[in-house]
Amino acid sequence: RFQALCAMVANLVAFLLTAVGSVAWLKCCETLADYDYLSSSVCRKFVHIGTGLIFMLFWPIFDNNEHACYWAAAIPGLITIRFLLIGMGVLKDEKTVKSMSRSGKASELLYGPLAYGIIFVLSTAVYWRTSPVGIAALTLLCVGDGFATLIGQHFNGPKLPYNSNKSIIGSLSFLVSSVLAGYFYLQLFIPFYTHSVAHLTRNLVIISLVAAGVESLPLGAWDNFAVFGTCIAISKLLGW
């Protein structure tokens, strides 16, 4: 019983520290957008990229017991519920709407930001740090998708022949950034895995390559779920 109490306290402290770090980044981006230091499109992608990376950096401080993943998953879960309430008009938060939507409409939070949050909760609760699948999925979602938009929209380049809204440089940015970020986090959590570094890296490159192809398709608001599903499917095929 004493050990269970210690584990609960450790997870509570980790929860609070992780929540502070994640929310601080979110509020920092919102403030920069509110004062027009960042455009709403750039702010969304800064949130997209930074929140996930910061969130995962705190994973090692959680306890090793079976409940730790749920403590961690509760953080994106609570943020996602907040987005849901703002999108439905139950809560009013103009800063969040300005920083997270393209058109300034609160209802936009019910699409991309909501999907982002749901995927985070599922990846954390189901796969956690003990499976490379969750790490791969979240780096694809945060870093790959984020940099694909940031680089693709801000550097002129040839468009993809099957999707005029996406560019070749954007897709390449997705691939390269996903592999680099994924490799860093897989190395961070390597003590939890039985696979070799070479095996992890090879699979990460394959998953990122396939996911980059899927992300380039004209899927609209479903692209986040499509990339997530692709990551899980390819991971299983590769033995993860």
Going by what's in this entry, would Phe15 be described as over 16 Å from the mean Cα position of the chain (by Cα) and surrounded by 14 or more Cβ atoms within 10 Å (Cβ to Cβ)?
yes
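Within the range 1-12, track down each residue that is of a type in the set (Gly, Ala, Ser) and either under 20 Å from Pro76 (Cβ atoms) or open to solvent by less than 60 Å² (accessible area, probe 1.4 Å) (or both).
Taking the range 1-12 as the starting set, the residues that turn out to be of a type in the set (Gly, Ala, Ser) are 4, 7, 10.
Across the range 1-12, the qualifying residues are Ala7, Ala10.
From the list Ile118, Ile54, Ile81, Ile49, exactly one residue is closer than 12 Å to Thr18 by Cβ and open to solvent by 10 Å² or more (accessible area, probe 1.4 Å). Which is it? If you could, list the steps in order and put the result at the bottom.
On the way: Ile118 fails: closer than 12 Å to Thr18 by Cβ; Ile81 fails: closer than 12 Å to Thr18 by Cβ; Ile49 fails: closer than 12 Å to Thr18 by Cβ.
It is Ile54.
Could you tell me which residue of the range 199-223 is farthest from Leu110 (Cα to Cα), considering only residues that are open to solvent by 20 Å² or more (accessible area, probe 1.4 Å) and of a type in the set (Val, Ile, Thr)? Full working, then the answer.
Of the range 199-223, the ones open to solvent by 20 Å² or more (accessible area, probe 1.4 Å) are 199, 201-202, 205-206, 209-210, 213-214, 217-223.
Remaining after also requiring of a type in the set (Val, Ile, Thr): 201, 205-206, 210, 214.
Values: Thr201: 34, Val205: 31, Ile206: 31, Val210: 27, Val214: 22 Å.
For the range 199-223, the residue satisfying everything is Thr201.
Quick one: in the range 224-240, of everything that is of a type outside the set (A, V, I, L, M, F, W, C) and open to solvent by 30 Å² or more (accessible area, probe 1.4 Å), which residue is farthest from Tyr162 (Cα to Cα)?
Only one residue tops the list, namely Gly239.
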Can you tell me which residue within the range 87-115, out of those that are closer than 18 Å to Cys43 by Cβ and basic (Lys, Arg), is surrounded by the most Cβ atoms within 10 Å (Cβ to Cβ)?
Lys98
Hey, does the range 77-93 have a residue that's assigned to a helix (DSSP H, G or I) and of a type in the set (Asp, Glu)?
no
Test result for Phe174, hydrophobic (A, V, I, L, M, F, W, C) and touching an Asp or Glu at 6+ places or on another chain (Cβ under 6 Å):
yes
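May I ask you to list the residues in the range 18-46 that are outside any helix (DSSP H, G or I) and either open to solvent by 80 Å² or more (accessible area, probe 1.4 Å) or at pLDDT 95 or above (or both)? Lay out the reasoning, then the answer.
Of the range 18-46, the ones outside any helix (DSSP H, G or I) are 35-39.
Tyr35, Asp36, Tyr37 - these are the residues of the range 18-46 that are outside any helix (DSSP H, G or I) and either open to solvent by 80 Å² or more (accessible area, probe 1.4 Å) or at pLDDT 95 or above (or both).
A quick yes/no check of all residues on (1) open to solvent by 50 Å² or more (accessible area, probe 1.4 Å); (2) not aromatic (Phe, Trp, Tyr):
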residue	(1), (2)
Gln153	yes, yes
Pro158	yes, yes
Tyr162	yes, no
Asn165	yes, yes
Ile168	yes, yes
Leu186	no, yes
Phe192	yes, no
Val197	yes, yes
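The values are calculated or read from the model by the stated rules, or taken from the named source; none is laboratory data. Computed from a predicted structure; not experimentally measured. When we count neighbours, we look across all protein chains shown, and the Cβ atoms used for this are built from the backbone with ideal geometry, even at glycine. Just the protein is used for accessible areas: all its heavy atoms, side chains included, with ligands, DNA and RNA removed. Shrake-Rupley method; radii C 1.70, N 1.55, O 1.52, S 1.80 Å.
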